[in-house]
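Step one of this worksheet: look at the structure below.
The values are calculated or read from the model by the stated rules, or taken from the named source; none is laboratory data. Here the structure is a predicted model, which is why all the values come from computation and not from measurement. Glycine also receives a Cβ, built like all others from the backbone with ideal geometry; neighbour counts cover every protein chain displayed.
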Amino acid sequence: MKILHLLPELRVGGAERFLARLAPRLTSDYGVEQQVVSLGKWEGEIVQMLRKDGIDVRTSQIAPWLIPAQALWARKAIREFQPNIIQTWLYRYDLLGSFASAGTEAKLVWNLRCSDMQLPLHNRAERQLCAAISKTSPDAIIACGERARAYHTGLGYAADKMRVVGNGYDFDHLPGRSYRNAQDATQNELRIGAAGRYDPVKGYDILLDAVKLLSESRKPVRLVIAGRGCDDDNDELRAMIEAAGLKGRVELLGELSDMSAFYNSLDIFCLSSLSEGFPNVLCEAMAHGVPVVTTDAGDAREIVAGFAPVVAPGDSKQLFHALRDLVELDPAQRYERGIKGAEYVRATYSISAIAAQYFELYSKLAGTPAR
């Protein structure tokens, strides 16, 4: 079986990191031949990871705004590779995939990565166009969670083509969280972490308000934020931190390559998003044994499955109370809570189990037996 993945520049985002886990597993477990077609110029960490794992990656070297040129280049790549399956990622590339695959025998699969997200106007138009053509264009649509499925079905996406397949993670080489490390980390300040690109939908203003309330209640906490745009060059974010009176209490780490080290440095992880699809960072933090607090965004409630508090999106006081409850636990209690969450997540969201679901769907569409 041959699969071509079509998506934008391979920056370090949730969808890109998931693809970097999924593609090698499809090859190692099922012998799938794959090509990743990135419609952009960037050849960073994700590209290098995929190539290191033996995945062929082609970058168009065409500016993202030159959409007609991107579409023609994608069409050429498809005709050269002749895949059985074309897997597209994100709205614009679902549309491009529909155009580029026309007239070929390849089966087209869209992948939905978000639910009820407040998108820019051009992204909303792309989503509406996808809904309009979904009944005729793709052969199947994968939604990363139940919220994403329900939301897009409500927009008019073809419900009979939908299948929910969650994200998967490689836990094989993930170190366990020792009680000694958890206890040592909490002797001075408690480190509360958040991760995700800088975007209003991530709710960082709400998180800062909640941490401000913690600070005012004399809780020894430090907020650490990782993600694209969350660095000292972000004047808007630095102004928000100063306005909250948290200067010197917040670390902005920017985009990180070693997220495992980041999670292991935390005492608590917080997802403050107003909207999500399937929040990768929540699964990752839990898998590292970090106790978490989350808003009820996307599939967050389903992910934590009762192992963590869930609060209303946009409510800084609820978020403060949930964080305060964790801060006030002794280290052994926090450790125990984190370990229980880790055991659940590692059993439920392994990349091998998720890759099997992808391969089953691809095999059915391609008319080949699933192994």
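Some points to look at:
- Residue count for the stretch 210-227 satisfying the condition of being among the aliphatic types (A, V, I, L, M) and over 12 Å from ALA244 (Cα atoms): 5.
- Some residue of the stretch 59-73 being touching a strand residue (DSSP E or B) at 6+ places or on another chain (Cβ under 6 Å) and either in contact (Cβ under 8 Å) with a residue 60 or more places away in the chain or surrounded by fewer than 16 Cβ atoms within 10 Å (Cβ to Cβ) (or both): no
- Residue among ASP267, ASP258 that alone is of a type in the set (Asp, Glu) and free of Cβ contacts under 8 Å to residues at least 12 places away in the same chain: ASP258
So that you can scan it fast, the table gives a plain yes or no per residue for (1) modelled with pLDDT of 85 or more; (2) in a helix (DSSP H, G or I); (3) in contact with a strand residue (DSSP E or B) (Cβ under 6 Å, 6 or more places away or on another chain); (4) in the same structural domain as VAL304 (by TED's automatic domain parsing):
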residue	(1), (2), (3), (4)
ALA150	yes, yes, no, no
THR153	yes, yes, no, no
ARG163	yes, no, yes, no
GLN183	no, yes, no, yes
ASN188	no, no, no, yes
ILE192	yes, no, yes, yes
TYR198	yes, no, no, yes
VAL201	yes, yes, no, yes
ILE206	yes, yes, no, yes
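- Qualifying residue in the stretch 319-326 (condition: at pLDDT below 95, farther than 23 Å from GLY13 by Cα and either part of a helix (DSSP H, G or I) or touching a Gly at 6+ places or on another chain (Cβ under 8 Å) (or both)): no
- Taking the criterion of being outside any loop (DSSP other than H, G, I, E, B), at pLDDT 90 or above, touching a strand residue (DSSP E or B) at 6+ places or on another chain (Cβ under 8 Å) and not polar (S, T, N, Q), the residues of the stretch 8-46 that qualify are LEU19, ARG21, ALA23, LEU26, GLU33, VAL36, VAL37.
- Residue among ILE86, ILE62 that is in a loop (DSSP other than H, G, I, E, B) and assigned by TED's automatic domain parsing to the domain that holds ASN111: ILE62
- Those residues of the stretch 13-46 which are hydrophobic (A, V, I, L, M, F, W, C) and surrounded by fewer than 20 Cβ atoms within 10 Å (Cβ to Cβ), in sequence order: TRP42
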